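Any read-out appearing in this document is the output of simple, stated calculations on the displayed coordinates, not a laboratory observation. What you are looking at is a predicted structure, and each value in this text was computed from that prediction instead of being measured. Reconstructed Cβ throughout: ideal geometry from the backbone, glycine too, with neighbour counts over all protein chains shown.
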Amino acid sequence: YIERFMTQTGMLINHWNWRRVVLTVLLIASKVWDDDSLENIHFPQVMPDITLKEVNNLEKIFLELIDYKLHIRGAEYAKYYFILQTIANEFKNGELDIPNEGPLDMTM
């Protein structure tokens, strides 16, 4: 959904918006793929800097921006599955080249 969002809107993910974009995508993906997904009220409990009202608004705006296109084709799913599998294997084997740019700023 992140790539779809970026393609539809032309917006880039950066250190100012990544947490809210990822939160929104996880929220929506959870609702689409999980019969017993978390509810919006649960997310402010793990991200205290965001309110329930903001979570609801982010979900609404995100869905509008991607034209409610939530269907994932099998080929699209497989593409990301194998990309993530490769990254996980490289990480496990110590082969993943992660740039060392200092600690990740988690306060945004």
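Under 26 Å Cα to Cα from LYS79, which lysines show up? Leave out anything in the same chain fewer than 8 places away.
Partners within reach: LYS31, LYS69, LYS92.
Just need the relative contact order of the chain here, percent rounded to a whole number, with Cα pairs under 8 Å and 6+ apart.
27
So what is log10(I(q)/I(0)) for segment 29-99 at q = 0.21, 0.23, 0.27 1/Å, when the Debye sum runs over its Cα atoms only?
Once normalised to I(0) and log-transformed, intensities are -0.99, -1.00, -1.09.
Within the chain, which DSSP H helices have Cα atoms that stretch 24 Å or more along the helix axis and a mean Kyte-Doolittle hydropathy of at least -0.5?
74-92
Within segment 1-75, list the GluC sites (Glu not before Pro) lying in a DSSP loop whose Cβ has at most 11 other Cβ atoms in a 10 Å radius. The partial results should precede the final answer.
On the way: sites: GLU3, GLU39, GLU54, GLU59, GLU64; in loops: GLU39.
Hits after loop and neighbour filter: GLU39.
Among the chymotrypsin sites (Phe, Trp or Tyr not before Pro) within segment 1-89, which fall in a DSSP loop and have no more than 13 other Cβ atoms within 10 Å of their own Cβ?
TRP16, TYR68
Scanning the chain for trypsin sites (Lys or Arg not before Pro) in DSSP loops with at most 11 other Cβ atoms within 10 Å, what's the longest stretch left with none?
The longest uninterrupted stretch comes out as 1-68.
Take the chain, connect every pair of alpha-carbon atoms lying under 10 Å apart with a spring to form a Gaussian network, then pick out the residue of ILE50, ILE87, ILE13 with the largest mean-square fluctuation.
Answer for the Gaussian network model of the chain: ILE87.
What residue among THR24, THR51, THR86 has the largest mean-square fluctuation in a Gaussian network model of the chain, using Cα springs under 10 Å?
THR86
Given labels modelled 7 Å from the Cα in the Cβ direction, how far is it in nm from LEU26 to ARG73?
Here the modelled spin labels are 2.9 nm apart.
For every other residue with a beta carbon closer than 15 angstrom to the beta carbon of GLU76, add +1 if it is Lys or Arg and -1 if Asp or Glu, then tell me the sum. Working shown, then result.
Details: positive: ARG4, LYS69, ARG73, LYS79; negative: GLU3.
Residues close to GLU76 contribute a combined charge of +3.
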